[in-house]
Amino acid sequence: MAKSTKAKNKPAEKSLKTDNNISLTGKCLIAMPGIDDVRFDRSLIYVCSNSKEGSMGIVINRPIFPVKFPELLKQLDINIPPSEIVFEPDIVYGGPVESTRGFVLHTADYFLATTVIIREEIAITATLDILEAIALGKGPAKSMVALGYASWGAGQLEEELHSSTWLITDADNDLIFTTPHQQKWKSALKKLGVDANMLSSGQGNA
């Protein structure tokens, strides 16, 4: 994460399209059983961007243990005494790419010049200022810190969707920020009317 100057100018909302004119930005990808990559087994990924050049997303249901928020602040040279930390967001494994790079996925009630509004009420920020604001209780209403991200090259995600590697569902604040991490995968399937217990491991292919 990088430093930035604080600003209050809200950037334009971004909603990118796939070649099939179906927007995946702001949707959630549900990993199907049998996915050929253990790093994404039972993962729920929030798609932050999707275009003909490729796609990027954040895994939102894999908390990292035993990393604690005060320890992360210390590693990033954000000097806030533990006694002054008002709020500690969850820290999750965002994906296998650049695992030391941090992102904050959050509600769009808080934004900086570097914040990108993904869709409606969800935004992402990758600068240190937001971490300080969150710690002091001056940040967004809901947030999580992700280390790393998932990415796909041009057309790769679309190919995986065609091979039934992922299901797509709408995202909402409750699913992203409120539902317990261990329940998010099943809750996302339930939004589609799918019983997780009825899925067989042979249904997914990478």
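Here is the link list: 27/52; 142/184; 138/190; 68/142; 52/138. Which ones come out longer than 26 Å on Cα distance?
Distance filter (> 26 Å) returns 138/190; 52/138.
Kirkwood hydrodynamic radius, the chain, all distinct C-alpha pairs: what's the number in Å?
Its Kirkwood hydrodynamic radius stands at 17.5 Å.
Suppose every Lys and Arg Cβ carries +1 and every Asp and Glu Cβ carries -1, with no other charges. What dipole size does the chain come out with about its Cα centre, to the nearest 20 debye?
With only Lys, Arg, Asp and Glu charged at Cβ, the dipole is about 280 debye.
Could you list 129, 41 in order of exposure, starting from the residue whose Cβ has the fewest other Cβ atoms within 10 Å?
Neighbour counts put them in this order, fewest first: 41, 129.
Just the number, please: Stokes-Einstein D of the range 74-141 in µm²/s, Kirkwood Rh from C-alpha pairs, 10 °C, 1.306 mPa s.
124
Sequence gap at least 6, Cα distance under 8 Å: using those rules, report the relative contact order of the chain to the nearest whole percent.
30
Looking only at the chain, where both bridge partners belong to it, what percent of the DSSP beta bridges are antiparallel (to the nearest 5)?
85
For the range 106-184, state which GluC sites (Glu not before Pro) are in a DSSP loop and have at most 14 other beta carbons lying within 10 Å of their beta carbon.
120
For the chain, what does -39500 (n - 2.57) per DSSP helix run (n ≥ 4), summed and divided by total residues, give at 222 nm, in deg cm²/dmol to the nearest 500?
Computed ellipticity for the chain at 222 nm equals -4500 deg cm²/dmol.
Determine the gain in length on full extension of the stretch residue 196-residue 84; use 0.36 nm per residue of separation and subtract their C-alpha separation, reporting nm with one decimal.
So the chain would gain 36.1 nm between residue 196 and residue 84.
Any read-out appearing in this document is the output of simple, stated calculations on the displayed coordinates, not a laboratory observation. Bear in mind that the values here come from a model prediction, so they are computed numbers and not experimental data. Positions of Cβ are generated from backbone atoms using ideal geometry, with glycine treated the same way; all protein chains shown enter the neighbour counts.
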